[in-house]
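Undergrad: Okay, handing you the structure first.
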Amino acid sequence: MSERNYYYFNRELSWLEFNARVLEEGLDRSNPLLERLRFLSIVASNFDEFFMIRVAALKSRKRSLGDGTERDPMSGLTLDELLAAISRRTRELAARQYACLSHELLPELGKAGLCILDPYDWDIDSRAWLEQWFINQVEPLLTPVAVPPEGEGPFPLTGNLKIHAAFLLRHALDASQEQLVIIQVPSNINRFVRLPGRGDLCTRFVLLDNIVLAFGHLLFPGWLIKEKTLFKITRDADIGVDEDADDDFVAAMEKVLVDRQVSPPIRMTISADSEGLEPIISSRLGLAVEDIYPIDGPIDLGSFISLCNMKGQESSSIQNLSFDSFEASKQFDDSEDKTVFDELRNRDIVVHSPYDHYGTVLEFIEKAATDRATLAIKITLYRTSGDSPFVKALIKAARAGKQVTVVLELKARFDEQRNINWASRLEQAGAIVIYGLAKLKVHAKAAMVVRKEEDGQIRRYIHLSTGNYNDRTAKQYSDISLLSSSPALARDVADFFNSISGLSSIGELKHLAMAPYDLKRRIISMIDREAERSNAASRGLIIVKMNSLGDRDIINALYRASCAGVRIKLNIRGVCLLKPGIKGLSENIVVSSIVGRFLEHSRIIYFYNAGNEELYLSSADWMPRNLERRIELMFPVLEDEAKKRVKGFLDLYIADNKNARHLGPGGRWQKPEKSGKLSAQEELMKEARKRAAKNEGQGKHTRLKVRRKAP
Amino acid sequence: MEQGIRAVVEIGSTGLRLLIAEIDSRGRPVILESASRPSSLGKDVFNSGTISRDSLQECVAILRSFAELMSAYGLKPEGAQVVGTSALREAANRDAFVDRVAMRSGFRIDIIEAIEENHYMFLAVQQVLGGKSAFISKTNSMIIEVGGGSTELMLLKKGKIAGAHSLRLGTLRLGQQLAMDGEGHSGLKRYLADNVRTISNSLDEELSLGSIKVFFAIGADAMIAARLAGTQGSGDYQTIKNADFFNLVDRAGQLGTEKLVSEFGLEWSEAEALVPGLLILRLFLERSSATELIVPGVSIREGLLAAMAASKNQELDELVHSQAQASALNLGRKFRFNEEHAKAVCRNTLFLFDQLKNLHGMSLRERRLLEISAILHDIGSFIKSSSHHKHSEYIVLNSDIFGLNRDDLLIIANIVRYHRHRGPQDSDTNYMSLIREDRALVLKAAAILRVADALDRDHTQRVKIERLEVKEEQIVLITAGREDLTLERLYLANKADMFEDVFGLKVVLI
């Protein structure tokens, strides 16, 4: 780090440390084997995205400036220093990742009956079976492309993140005749090819890319293979859409997806078995030495996640290699006589996924879609699952003649294609589809259901959340949903929808705060208020749980509050640019991070406010992009019971002394020396199991569910 | 108005605004949705006098989007109450505009008069004050809304309306006036100061502005100011301390439109209007002795909703009428009328009206118009005693009385015109411009007013009517005392002629 006084960590380096914490979970011997593999796989996909977006942006900045001397205004690092530090740390982490994979995980998985066989391990029978399989199943799909000699034509397209095999061929009769050929490994065949069983308990897999590499010579009769290797190119995906293309924004968005396949290469990962091919390919692609990441083991660990997701029945041998199964418990039990709307008239419901059953949120939309009382449904969709039950319910509702308004973000990175498809299906069903907003991504998660109920009254029900409308990720991500029938919140949510669907200009919201309008201002003013009201007799207290903290103005406000004596406890899962524990700056701030079985994703904000406690949830991290370039919402938890519950979660996360790592003033993350036994995630699972058992007990023994008209 | 969902749309000079509300069983509106979109109607009209085709298109597009929002509540455009204010009032092509909008969006626009805006503004503020109206009943207050085309201003003396005005002073209009003068910010300040001084001097006659302690500001500019410098009050309102407000006005004045947009997060059109709007508020605020600005979280649209719900809300209905009385009395005072006489005639008139109900068949609305006429019948004496009925007619026609619209004022002007001397003739244009039903109304009302006036001919209120008997050919007024009634009989003989003509009955005083 530079010698000057820069009071912030660098964003990219802080991100790398987050990935290091994920890796540590993979290295942790107390985790089950497949889960360790899963963490390693997540680290790999994280790196892919990091290079596609962050490193790509830095490189493009450097290209446009002509040199790398520009300083990051936060950390003071120059572009060159930063790129070097990224490259160094990435190689360190990758080395640990692969060492763990080849020395610990693969051998131990093998012992446990799950073998991933290297070509060296293939016996004669397997080899014969694989060769036949290659000829029948794979070969017809392969398209070898000859690479023209330098100066005579461009290097063939290699796409983004696609595994390729490269063969350097020498003519069998004329040794002076050489030809470089590349073949894309087909992505429509499962990468893990299962060998026929041998009657033992062992399940054996072979990687498709290794099969292509091993039998690729069959494609080139008359040629000898001089060298061969596997490689994967990561490209710049930080390409913006043409925001002025209002007329056909969908077409403009589709163009981005095409461009992403041909944008400048940023990184090449290449298997370390051919030293000869590496410089040839890299120079033809215009990659420098520092962009080459040779790998001793299977490339593209990211796709190993599908192996981790295999269920026990698919392979009896891989039981007990994963976390104990966990079933969420219901926060609310719906029935014919009591719908979620009936319950919401009495109380607010907090759904803390994955501990609480996400079905309650789905039921909110599904019930609204089919219920006669429903007049209208409005919802924002950012990322949703492939065959999303939410979208299906919305389509059903639109077909049934309800007014359905969907604000669908076409710019949700890497989910663009899926969202374009959903948009057209919703429109065909008669829904009003809003393709997001120019220059802003709609990242807020909100839904509103308008009902004309039996008593003739109009009632509105809302759902606000920290996470997406996605039933799949709800099993992995910790997110908090608030469901309510509060007229005050409903009024704000209605205004919110009116402004993002272009029906109204942005107005002042009373309870909600909205980025990029007043969210940041509200946060800073609440932090400043905490500082003002803090004194020796009653010190202020701010507790925040968040994914990333990187906004300079907010960090400065937190520094001010720390100096005013406010105790500040931050639980930041990922990037944190704030430097805690520095005397005269941040000595009252502690920062911890939880990386574990579930991805921490909820954002909770608490202010002691001189005893008048305030608690908020938010879709936004405290990062400039969230606060300035996205539509985000922060919403209060107002009802006492709901507030108590959410505050309980927050306290638990802060109290975690088993999974949590603490950030030091120098930027190192460490588990506390005397690591304890309290893990927030485990506690929450325990509670959920207890609740489930209790619910079940009640259902079984105390009362029968009788279906009859009320007397 | 029945319970249920209602939509109101205001087509103002700076934008179109929608409210959807549910009227509850007690006649109170509960807001469900609000939407607002800027438009250039005001710019068009105050610059060229007509609404351009582009603005028409824009309005139709906005109204269609409002219709979409309304349909979520099962509402149709035809069912919405749509009011147009100053921009539409002044547009030369307003009728064509109203027709086009109705054809293409289904919304039917009702262009309201300036003084009606005052009415809705009052209702809106009333709603915010709710049970706390005692708050303004002990002191003098002002309610002001600066709009794009006009400024609505209302003076309340201990809670009773002392004056209600619609001033041709609007943020958009200013732009046009100053552009013609070719002056910048300092020009704006000077221009406004001059204007406000003149206006204030005439307002002082109704109620000394220096005695005003409570200052309500509603409208877009006030809301923005409250958002930037206000603190939340205990109800649905915010307050801004004078010093904070002045600071804000100064700062906004220095920033310029572009920076206002970026720093305060405003729409361009809001930013353009902000400085003149705040300056106007400031100039009036400085003339009062209020220490803070109160910004209720309501608008004319809430007033419209309240008016829709008013038939359910008798209390509110009564309140509006009592404010109309107060407003008329104050107009009388401004023209130095004989208040005792006016009140006596008013009493007599209402006595006759109520006793003769079966004879004239008029309703509560007509009773109220007659009441105001009685208060104002002699107001023209301020100009000259001879022909003062004609002067009264003229003054009424050219005054604003809270709660009454142009049609109401025209009727009242006619009633006061015929409270003495000859009856209507075909050459009386104000009379002839009334529809037939209203002409009959004027005749009946003027006939009653004449009798009532004759009973206090000497302006001493010494004659007190005890009872009234309707006979076959005459009505008999029976007095309580034993005064000499010669004089009154003489005047009755002279002034009851119209009564005889209209009702076919002689008036006998005993």
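The values are calculated or read from the model by the stated rules, or taken from the named source; none is laboratory data. Computed from a prediction, not measured in an experiment: that's the story for all the values here. Every residue, glycine as well, gets a Cβ built from its backbone with ideal geometry; the counts of neighbours run over all protein chains shown.
Undergrad: Say whether the condition of being buried (at least 19 other Cβ atoms within 10 Å of the Cβ), at pLDDT 85 or above and among the β-branched types (Val, Ile, Thr) is met by at least one residue in region A:296-311.
TA: yes
Undergrad: If I filter region A:636-646 for residues that are at pLDDT 95 or above and within 26 Å of A:Lys441 (Cα to Cα), do I get at least one hit?
TA: Yes; the residues of region A:636-646 include at least one that is at pLDDT 95 or above and within 26 Å of A:Lys441 (Cα to Cα).
Undergrad: Residue check: is B:Leu203 within 30 Å of A:Arg529 (Cβ to Cβ), in contact with a Leu (Cβ under 7 Å, 6 or more places away or on another chain), buried (at least 21 other Cβ atoms within 10 Å of the Cβ) and not hydroxyl-bearing (Ser, Thr, Tyr)? Let's see the steps before the verdict.
TA: Values: within 30 Å of A:Arg529 (Cβ to Cβ): no; in contact with a Leu (Cβ under 7 Å, 6 or more places away or on another chain): yes; buried (at least 21 other Cβ atoms within 10 Å of the Cβ): yes; not hydroxyl-bearing (Ser, Thr, Tyr): yes.
In short, no.
Undergrad: Could I ask something else about it? Looking at region A:25-70, which of its residues are among the hydrophobic types (A, V, I, L, M, F, W, C) and free of Cβ contacts under 8 Å to residues at least 60 places away in the same chain?
TA: Keep residues of region A:25-70 that are among the hydrophobic types (A, V, I, L, M, F, W, C), which gives A:27, A:33-34, A:37, A:39-40, A:42-44, A:47, A:50-53, A:55-58, A:65.
Selection gives A:Phe39, A:Phe47, A:Phe50, A:Leu58, A:Leu65.
Undergrad: If you don't mind, there's one more thing I want to ask. When the residues of region A:438-469 are filtered to those that are within 11 Å of chain B (Cβ to nearest Cβ) and in contact with a helix residue (DSSP H, G or I) (Cβ under 6 Å, 6 or more places away or on another chain), which remaining residue is surrounded by the most Cβ atoms within 10 Å (Cβ to Cβ)?
TA: A:Val449
Undergrad: Which of the residues spanning region B:318-348 are outside any helix (DSSP H, G or I) and hydrophobic (A, V, I, L, M, F, W, C)? Full working, then the answer.
TA: Initially, region B:318-348 is screened for residues outside any helix (DSSP H, G or I), giving B:335-338.
Scanning region B:318-348 gives B:Phe335, B:Phe337.
Undergrad: Being within 12 Å of chain A (Cβ to nearest Cβ) and under 17 Å from B:Tyr73 (Cβ atoms) is the filter here, so list the residues in region B:16-31 that pass it. Quick ask: steps written out before the conclusion?
TA: Taking region B:16-31 and keeping what is within 12 Å of chain A (Cβ to nearest Cβ), we get B:16-25, B:30-31.
Residues satisfying the conditions are B:Arg17, B:Leu18, B:Leu19, B:Ile20, B:Ala21, B:Glu22, B:Ile23, B:Asp24, B:Val30, B:Ile31.
Undergrad: Please state which one of B:Arg489, B:Arg422, B:Arg462 is without any contact (Cβ under 8 Å) to a residue 24 or more places away in the chain, exposed (fewer than 13 other Cβ atoms within 10 Å of the Cβ) and basic (Lys, Arg).
TA: Working: B:Arg489 fails: exposed (fewer than 13 other Cβ atoms within 10 Å of the Cβ); B:Arg462 fails: exposed (fewer than 13 other Cβ atoms within 10 Å of the Cβ).
The conditions single out B:Arg422.
Undergrad: Within region A:234-249, is there a residue that is modelled with pLDDT of 90 or more and over 30 Å from A:Leu437 (Cα atoms)?
TA: The answer is no; no qualifying residue exists.
Undergrad: Related question: Which ones in region B:314-331 are over 13 Å from the mean Cα position of the chain (by Cα) and buried (at least 21 other Cβ atoms within 10 Å of the Cβ)?
TA: Across region B:314-331, the qualifying residues are B:Leu329, B:Asn330, B:Leu331.
Undergrad: Filter region A:408-425 for residues that are buried (at least 21 other Cβ atoms within 10 Å of the Cβ) and either within 14 Å of another protein chain (Cβ to nearest Cβ) or over 17 Å from A:Ser619 (Cα atoms) (or both) and give the result.
TA: Step one: of region A:408-425, the residues buried (at least 21 other Cβ atoms within 10 Å of the Cβ) are A:408-411, A:419, A:422-423.
A:Leu410, A:Asn419, A:Trp422, A:Ala423 - these are the residues of region A:408-425 that are buried (at least 21 other Cβ atoms within 10 Å of the Cβ) and either within 14 Å of another protein chain (Cβ to nearest Cβ) or over 17 Å from A:Ser619 (Cα atoms) (or both).
Undergrad: Something else: I'd like to verify a number: residues in region B:3-25 that are assigned to a loop (DSSP other than H, G, I, E, B) and over 25 Å from the mean Cα position of the chain (by Cα), how many? Steps first, answer last, please.
TA: We begin by selecting, within region B:3-25, every residue assigned to a loop (DSSP other than H, G, I, E, B); these are B:3, B:12-14, B:24-25.
Restricting the remaining residues to those that are over 25 Å from the mean Cα position of the chain (by Cα) gives B:3, B:24-25.
Adding up the residues that qualify gives 3.
Undergrad: Shifting gears a bit: Which residue out of A:Ala537, A:Ala474, A:Ala488, A:Ala494 is surrounded by fewer than 21 Cβ atoms within 10 Å (Cβ to Cβ), assigned to a helix (DSSP H, G or I), at pLDDT below 95 and of a type in the set (A, V, I, L, M, F, W, C)?
TA: Values: A:Ala537 fails: assigned to a helix (DSSP H, G or I); A:Ala474 fails: surrounded by fewer than 21 Cβ atoms within 10 Å (Cβ to Cβ); A:Ala494 fails: surrounded by fewer than 21 Cβ atoms within 10 Å (Cβ to Cβ).
Only one candidate qualifies: A:Ala488.
Undergrad: Here's another thing I want to ask about it. Considering only residues that are within 14 Å of chain A (Cβ to nearest Cβ), assigned to a loop (DSSP other than H, G, I, E, B) and not hydrophobic (A, V, I, L, M, F, W, C), which ones fall in region B:61-114?
TA: Result: B:Tyr73, B:Gly74, B:Lys76.
Undergrad: Next question, about the same structure. Kindly indicate which of A:Ala490, A:Ala398 is hydrophobic (A, V, I, L, M, F, W, C), closer than 22 Å to A:Arg645 by Cβ and within 14 Å of another protein chain (Cβ to nearest Cβ). If you could, list the steps in order and put the result at the bottom.
TA: Numbers: A:Ala398 fails: closer than 22 Å to A:Arg645 by Cβ.
Among A:Ala490, A:Ala398, only A:Ala490 is hydrophobic (A, V, I, L, M, F, W, C), closer than 22 Å to A:Arg645 by Cβ and within 14 Å of another protein chain (Cβ to nearest Cβ).
Undergrad: Name the one entry in B:Ser13, B:Ser34, B:Ser55 that is farther than 14 Å from B:Val101 by Cβ and either surrounded by fewer than 21 Cβ atoms within 10 Å (Cβ to Cβ) or within 10 Å of chain A (Cβ to nearest Cβ) (or both).
TA: Values: B:Ser13 fails: either surrounded by fewer than 21 Cβ atoms within 10 Å (Cβ to Cβ) or within 10 Å of chain A (Cβ to nearest Cβ) (or both); B:Ser55 fails: farther than 14 Å from B:Val101 by Cβ.
Residue meeting the stated conditions: B:Ser34.
Undergrad: Before we move on, is A:Phe231 over 30 Å from A:Lys411 (Cα atoms) and either in contact (Cβ under 8 Å) with a residue 60 or more places away in the chain or out of contact with any Cys (no Cβ under 8 Å at 6 or more places or on another chain) (or both)? It would help to see each step written out before you state the result.
TA: On the way: over 30 Å from A:Lys411 (Cα atoms): no; either in contact (Cβ under 8 Å) with a residue 60 or more places away in the chain or out of contact with any Cys (no Cβ under 8 Å at 6 or more places or on another chain) (or both): yes.
The answer is no for A:Phe231.
Undergrad: Another one. Search region A:331-384 for residues being in a loop (DSSP other than H, G, I, E, B) and within 14 Å of chain B (Cβ to nearest Cβ), and hand back the single one that is nearest to A:Arg645 (Cα to Cα).
TA: A:Ala373
Undergrad: Listed residues A:Glu139, A:Glu81, A:Glu92; which is among the charged types (D, E, K, R), assigned to a helix (DSSP H, G or I), surrounded by fewer than 16 Cβ atoms within 10 Å (Cβ to Cβ) and under 32 Å from the mean Cα position of the chain (by Cα)?
TA: A:Glu92
Undergrad: Determine whether B:Asp44 is more than 14 Å from chain A (Cβ to nearest Cβ), in a helix (DSSP H, G or I), at pLDDT below 95 and surrounded by 19 or more Cβ atoms within 10 Å (Cβ to Cβ). I'd like the intermediate steps shown before the answer.
TA: On the way: more than 14 Å from chain A (Cβ to nearest Cβ): yes; in a helix (DSSP H, G or I): yes; at pLDDT below 95: yes; surrounded by 19 or more Cβ atoms within 10 Å (Cβ to Cβ): yes.
Yes.
Undergrad: For A:Ala112, only one of the following conditions fails: (1) farther than 20 Å from A:Tyr293 by Cβ; (2) aliphatic (A, V, I, L, M); (3) crowded, with 21+ Cβ neighbours inside 10 Å. What is its number?
TA: Against the list (1) farther than 20 Å from A:Tyr293 by Cβ; (2) aliphatic (A, V, I, L, M); (3) crowded, with 21+ Cβ neighbours inside 10 Å, A:Ala112 comes up short only on (3).
Undergrad: Could you say which residue among A:Ala112, A:Ala56 is out of contact with any helix residue (DSSP H, G or I) (no Cβ under 7 Å at 6 or more places or on another chain) and either among the aliphatic types (A, V, I, L, M) or more than 27 Å from A:Phe215 (Cα to Cα) (or both)?
TA: Values: A:Ala112 fails: out of contact with any helix residue (DSSP H, G or I) (no Cβ under 7 Å at 6 or more places or on another chain).
Checking each option against the conditions leaves just A:Ala56.
Undergrad: A follow-up question, please. Of the residues that sit in region A:493-508 and are under 28 Å from A:Thr339 (Cβ atoms) and free of Cβ contacts under 8 Å to residues at least 40 places away in the same chain, which one is nearest to the other protein chains (Cβ to nearest Cβ)?
TA: Selected residue: A:Asn498.
Undergrad: Checking the structure you have, find out if any residue of region A:473-482 is more than 30 Å from the chain's Cα centre (by Cα) and more than 8 Å from chain B (Cβ to nearest Cβ).
TA: no
Undergrad: A further question on this structure: Hey, among B:Asn430, B:Asn414, B:Asn398, which residue is among the polar types (S, T, N, Q), within 35 Å of the chain's Cα centre (by Cα) and buried (at least 22 other Cβ atoms within 10 Å of the Cβ)?
TA: Details: B:Asn430 fails: buried (at least 22 other Cβ atoms within 10 Å of the Cβ); B:Asn398 fails: buried (at least 22 other Cβ atoms within 10 Å of the Cβ).
Unique residue meeting the criteria: B:Asn414.
Undergrad: Follow-up question, since we're still on this one. Mind listing whichever residues of region A:520-534 are surrounded by 23 or more Cβ atoms within 10 Å (Cβ to Cβ) and within 11 Å of another protein chain (Cβ to nearest Cβ)?
TA: Across region A:520-534, the qualifying residue is only A:Lys520.
Undergrad: Which condition does B:Ala243 not pass, out of (1) within 14 Å of chain A (Cβ to nearest Cβ); (2) surrounded by fewer than 19 Cβ atoms within 10 Å (Cβ to Cβ); (3) hydrophobic (A, V, I, L, M, F, W, C), if it passes all the others?
TA: Going through (1) within 14 Å of chain A (Cβ to nearest Cβ); (2) surrounded by fewer than 19 Cβ atoms within 10 Å (Cβ to Cβ); (3) hydrophobic (A, V, I, L, M, F, W, C) one by one, B:Ala243 breaks only (1).
Undergrad: Here's a follow-up. When you scan region B:221-317 for helices (runs of 4 or more DSSP H) that lie fully inside it, which ones turn up with 1 or more residues that are modelled with pLDDT under 85 and on the phi > 0 side of the Ramachandran plot? Talk me through it step by step, then tell me what you get.
TA: Values: elements: B:242-264, B:268-287, B:300-309.
Of the helices (runs of 4 or more DSSP H) lying wholly inside region B:221-317, those with at least 1 residues that are modelled with pLDDT under 85 and on the phi > 0 side of the Ramachandran plot span B:242-264.
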